[in-house]
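These notes are about the structure you will find just below.
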């Protein structure tokens, strides 16, 4: 399935009231190949669903619009592909309603504990371009490669600390 994903990504400034009462899913992403500095092929376990996705920017230098090729996988296929050497990341994704728009809060676990990103997806380019950053967000990091899933995988919080300091990010709980 080929789609165009329109998305903006923000560093969270604070945890909005009621976030942890929202529906959420545990996500395990494995990016391959392990040797690539920014792999864009991902296998994902999202709750009890499995998929493989390859993303690439529609326009060079603009991470807010990407082509997304996704294949639904069975549990057995995921477990087989999981054996391929890759870099992984684990997070909980909370689905939060912000003024009628769904915000996806990624609360990172394990070595990235304390990092929280917020994604908003759009169906129209104009909506994406006119979207105003919510008060619970600190900075728009859509164009920062350091916060792409393929760049975060396999990293520790201390590895990304220099870029977090640039935004005066404070570790969230």
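Tabulated data
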quantity	calculated
Residue exposure sequence - 35, 63 - by fewest surrounding Cβ within 10 Å	35, 63
Scaled radius of gyration (Cα, divided by 2.2 N^0.38 Å) that the chain gives	1.00
FRET efficiency estimate (nearest 0.05) - Cβ-Cβ, residue 40 to residue 97, R0 30 angstrom	0.50
Pairwise FRET efficiency - residue 156 versus residue 83, Cβ, R0 = 25 Å, nearest 0.05	0.60
Rounded to 10°, Cα long-axis angle of helix 157-166 versus longest principal axis of the chain	40 degrees
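The numbers here are math on the coordinates, done by the rules we state, and not lab data. Fair warning: this is a prediction, and the values are worked out from it, not measured in the lab. For neighbour counting, all protein chains shown are included, and Cβ atoms are generated from backbone atoms with ideal geometry for every residue, glycine included.
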